[in-house]
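Trainee: Below: one structure in structure tokens.
The values are calculated or read from the model by the stated rules, or taken from the named source; none is laboratory data. Predicted model only: the values in this text are computed from it and were never measured. Methodologically, a virtual Cβ is constructed for each residue, glycine included, from the backbone with ideal geometry; neighbour enumeration extends over all protein chains shown. The accessibility values were calculated without ligands, DNA or RNA, using every heavy atom of the protein model including side chains. Shrake-Rupley method; radii C 1.70, N 1.55, O 1.52, S 1.80 Å.
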Amino acid sequence: MQSLKSYLNDLISRAMAEVTQSDACNANVITSSKPEFGDYQANGVMAEAKRRKTNPRELANQVVAALNSADSPLIEKLEVAGPGFINIFLSDTALLERANLALSEPQQLVPLTASPQRVAVDYSSPNLAKEMHVGHLRGTIIGDAIVRVLERLGHTVIRQNHVGDWGTQFGMLITYMQEVVGDTKGLPNALSDLEAFYRNAKDRFDSDPEFAERSRHNVVRLQSGDPEYLKVWEQFIDESLKHCEAVYDLLNVTLTREDLDAESRYNDDLKVIVEDLKAADLLTDSDGAMCVFLPEFKGKDGEPLPLIIQKTDGGYLYSTTDLAAVRLRRSWDVQRSLYVVDARQSLHFQQVFAVAKAARFAGDELSLEHVSYGTMMGKDGRPFKTRSGDTVKLAELLEEAVSRAYQLVSEKNQDLDEAQKQTIAQRVGIGAVKYADLSKNRTSDYIFDWSTMLSFEGNTAPYLLYAYARIKSILRKEPDITSSVMGDLNHVEERDLVIKILQLAEIVEAVGKDCYPNQLCNYLFELSGLFMRFYENCPILKAESAVKETRLAICAITANTLHQGLDLLGIETLEQM
Ligand code: ARG
């Protein structure tokens, strides 16, 4: 079952091609802005008429005539409007047929893509020297939503958690470990608060030149592969990853150890990258540093902007690793390689992508895309911090979310037992934090605000979770009607809701293509709004039998749609709240 939008787009594009005797036309079908313009409208005729220097209304009439004679079951009626828009009114019978199919086979709500791709998605990617902090929230959950959407559409996704595990900081940490822990048995304890451990190591590093010297020495030994140092380092990394995994678990994020793409993995490739760039004639020695200058990158004053590949002291950089990573990912035959990373790294990625293409580390067939996101701000409009100005640990933020939700749930519903309250608090709290983030356009900064995200009104997780639980409670009142079908759509509220449900497919397609999960959030919010209107205007349990059956079926499929949509966002629903 192709989505309504792409089905109509194909159908009308073909009719346009037939009328104009050309091979490629784009009907440019969109959902209509007003009910009087139909359910969908095709806007592509005007552009096509302009190209052929013909009258757009006339062309629109010809296209409509061609479509009418072809008699598509989905279309009830077509109208030409304004300068050459085609308004499309869909047939109730066809809509019901689709909806009933989706009711019996919910997977059909989102059809698999006709052109599956292999896609690498780099996301979360924290540095392992410290614990994950709030700055890692966005990349982790936006990335995970995109991954879920792509997989649902039938693409093959290769997750890449490009953790930072290889910089100079690790020399410092190893040195400190040797100093305080001595033997490795005490390690988990010492690292239970990774943040404090890091701070103490840093204090030692900053205050004791001898310690700093030993640390620098230790990085070199580590990076040259000294087995003893590697062992200590591995233990540190393992502990640090356990911290991340606890957060992933709490966040219901799908990353596992298998998805690691640690920077250390590229250690041996870095000198090869330098040699290959040299061979491609792209490398320039600039005061002893090896750089690539591409003409399209200029600084503020117009001076050429380098991408530094190797420092004067021989050390490699973040960019060098990323170039090696592009090459590895290409070798997996992926068509897209996505980087879900903070917008402040935009220039870095533009440069890395351009150099990768110039050096042929990636060919034209590979689309390299920086899926960037803005910063999470505090109420004061500055990057979110604790009162004392420290970064906030992600784990602590999430614990606070759950405890705030617990408070809320306990006030709202006192009949629940303790276990229920905890489950609800967990899902509502985590769902609220995730949804508040995912529902914003990812490219903008946003203000983190507990009271809005935990509100039961507006475009929030509690509102959607509550809508879902409410539908489920209606369905529980009629446990015998499990296999109902939708017979007729007699009310506009029923029809609007059913069309909306059938539009999940095109929204998910759009998210897979453009990577804006907020489109899916908006959709779910609108869907819930339409459900509420239906619920207020169309009595369900009191309706007589056939109508009741249709309405219960509409409830069931609405619940299913909400569930699927929230699941794609990585948000778990509740049967009862
Ligand atoms: N570890 C980096 C950071 O914390 C992010 C890595 C993003 N991915 C990449 N391929 N560069 O800033």
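Trainee: Output the number of the condition that residue 398 fails; it satisfies all remaining conditions of (1) open to solvent by less than 50 Å² (accessible area, probe 1.4 Å); (2) within 13 Å of the ligand (Cβ to nearest atom).
Mentor: (2)
Trainee: Being farther than 23 Å from residue 281 by Cβ, at pLDDT 95 or above and touching a helix residue (DSSP H, G or I) at 6+ places or on another chain (Cβ under 9 Å) is true for just one of 410, 319, 403. Which residue is that?
Mentor: 403
Trainee: Sticking with this structure for a sec: If we only count helices (runs of 4 or more DSSP H) wholly inside region 102-216, which ones have 2 or more residues that are of a type in the set (Phe, Trp, Tyr)?
Mentor: In region 102-216, 169-180, 194-207 are the helices (runs of 4 or more DSSP H) which contain 2 or more residues that are of a type in the set (Phe, Trp, Tyr).
Trainee: While we're on this one: Being surrounded by 15 or more Cβ atoms within 10 Å (Cβ to Cβ) and either without any contact (Cβ under 8 Å) to a residue 60 or more places away in the chain or on the phi > 0 side of the Ramachandran plot (or both): is that true of residue 381 here?
Mentor: no
Trainee: Now for a different question. Which ranges mark the helices (runs of 4 or more DSSP H) fully within region 451-564 that have 1 or more residues being under 30 Å from residue 397 (Cβ atoms)?
Mentor: Once the helices (runs of 4 or more DSSP H) in region 451-564 are filtered for at least 1 residues that are under 30 Å from residue 397 (Cβ atoms), what remains is 461-476, 504-514, 518-537.
Trainee: Now for a separate question. Select, from 360, 327, 387, 344, the only residue that is over 21 Å from the mean Cα position of the chain (by Cα), open to solvent by 50 Å² or more (accessible area, probe 1.4 Å), within 16 Å of the ligand (Cβ to nearest atom) and among the charged types (D, E, K, R).
Mentor: Result: 327 is the single residue among 360, 327, 387, 344 that is over 21 Å from the mean Cα position of the chain (by Cα), open to solvent by 50 Å² or more (accessible area, probe 1.4 Å), within 16 Å of the ligand (Cβ to nearest atom) and among the charged types (D, E, K, R).
Trainee: Of everything in region 407-449, what is outside any helix (DSSP H, G or I) and within 27 Å of residue 343 (Cα to Cα)? Give them in sequence order.
Mentor: Within region 407-449, 439, 440, 441, 442, 443, 444, 445, 446, 447, 448, 449 meet the criteria.
Trainee: Let me ask another. Has region 310-317 got any residue that is open to solvent by 40 Å² or more (accessible area, probe 1.4 Å), in contact with a strand residue (DSSP E or B) (Cβ under 9 Å, 6 or more places away or on another chain) and β-branched (Val, Ile, Thr)?
Mentor: Scanning region 310-317, I find at least one residue that is open to solvent by 40 Å² or more (accessible area, probe 1.4 Å), in contact with a strand residue (DSSP E or B) (Cβ under 9 Å, 6 or more places away or on another chain) and β-branched (Val, Ile, Thr), so the answer is yes.
Trainee: Conditions first: (1) on the phi > 0 side of the Ramachandran plot; (2) open to solvent by less than 40 Å² (accessible area, probe 1.4 Å); (3) more than 16 Å from the ligand (Cβ to nearest atom). Residue 98 passes all but one, so which condition is the exception?
Mentor: (1)
Trainee: I'd like the full set of residues that are charged (D, E, K, R), open to solvent by 20 Å² or more (accessible area, probe 1.4 Å) and either over 29 Å from residue 152 (Cα atoms) or in contact with an Asp or Glu (Cβ under 9 Å, 6 or more places away or on another chain) (or both), limited to region 480-510.
Mentor: Those that are charged (D, E, K, R), open to solvent by 20 Å² or more (accessible area, probe 1.4 Å) and either over 29 Å from residue 152 (Cα atoms) or in contact with an Asp or Glu (Cβ under 9 Å, 6 or more places away or on another chain) (or both): 480, 488, 493, 495, 500.
Trainee: Answer yes if at least one residue in region 55-73 is in a helix (DSSP H, G or I), aliphatic (A, V, I, L, M) and either in contact with a Pro (Cβ under 6 Å, 6 or more places away or on another chain) or at positive phi (or both), and no otherwise.
Mentor: No, the conditions are met nowhere in region 55-73.
Trainee: Out of the residues in region 262-292 meeting the condition of being of a type in the set (Gly, Ala, Ser) and more than 16 Å from the ligand (Cβ to nearest atom), tell me which one is nearest to residue 238 (Cα to Cα).
Mentor: 289
Trainee: What pairs come out if I take residues in region 36-47 that are farther than 18 Å from residue 95 by Cβ and pair them with residues that are surrounded by fewer than 22 Cβ atoms within 10 Å (Cβ to Cβ) and basic (Lys, Arg) whose C-beta lies under 9 Å away, six or more apart or interchain?
Mentor: Within 9 Å, the pairs are 45/57.
Trainee: Filter region 185-222 down to the residues that are open to solvent by 70 Å² or more (accessible area, probe 1.4 Å) and over 25 Å from residue 391 (Cα atoms) and list them by number.
Mentor: Of everything in region 185-222, those that are open to solvent by 70 Å² or more (accessible area, probe 1.4 Å) and over 25 Å from residue 391 (Cα atoms) turn out to be 185, 209, 210, 213, 214, 216, 217, 220, 221.
Trainee: Could you list, in sequence order, the residues of region 247-296 that are under 20 Å from the mean Cα position of the chain (by Cα), open to solvent by 20 Å² or more (accessible area, probe 1.4 Å) and of a type in the set (A, V, I, L, M)?
Mentor: 250, 260
Trainee: Next up: Just to be sure, is residue 137 surrounded by 24 or more Cβ atoms within 10 Å (Cβ to Cβ), within 15 Å of the ligand (Cβ to nearest atom) and over 23 Å from residue 317 (Cβ atoms)?
Mentor: yes
Conditions tested, residue by residue: (1) in contact with a strand residue (DSSP E or B) (Cβ under 6 Å, 6 or more places away or on another chain); (2) of a type in the set (Lys, Arg).
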| residue | (1), (2) |
| --- | --- |
| 424 | no, no |
| 427 | no, yes |
| 445 | yes, no |
| 450 | no, no |
| 490 | no, no |
| 499 | no, no |
| 512 | no, no |
| 521 | no, no |
| 525 | no, no |
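Trainee: Go through region 178-206 residue by residue and tally those that are more than 16 Å from the ligand (Cβ to nearest atom) and either of a type in the set (Gly, Ala, Ser) or at pLDDT 90 or above (or both).
Mentor: Total meeting the criteria: 14.
Trainee: Further, regarding this structure: Could you tell me whether residue 365 is in a strand (DSSP E or B) and surrounded by fewer than 20 Cβ atoms within 10 Å (Cβ to Cβ)?
Mentor: Considered against the rule, which asks whether it is in a strand (DSSP E or B) and surrounded by fewer than 20 Cβ atoms within 10 Å (Cβ to Cβ), residue 365 comes out as no.
Trainee: Let me ask something else about it. Here are the criteria: (1) in contact (Cβ under 8 Å) with a residue 60 or more places away in the chain; (2) crowded, with 16+ Cβ neighbours inside 10 Å; (3) more than 12 Å from the ligand (Cβ to nearest atom); (4) under 30 Å from residue 281 (Cβ atoms). Tell me which single one residue 339 does not satisfy.
Mentor: If we test residue 339 against (1) in contact (Cβ under 8 Å) with a residue 60 or more places away in the chain; (2) crowded, with 16+ Cβ neighbours inside 10 Å; (3) more than 12 Å from the ligand (Cβ to nearest atom); (4) under 30 Å from residue 281 (Cβ atoms), just (3) comes out false.
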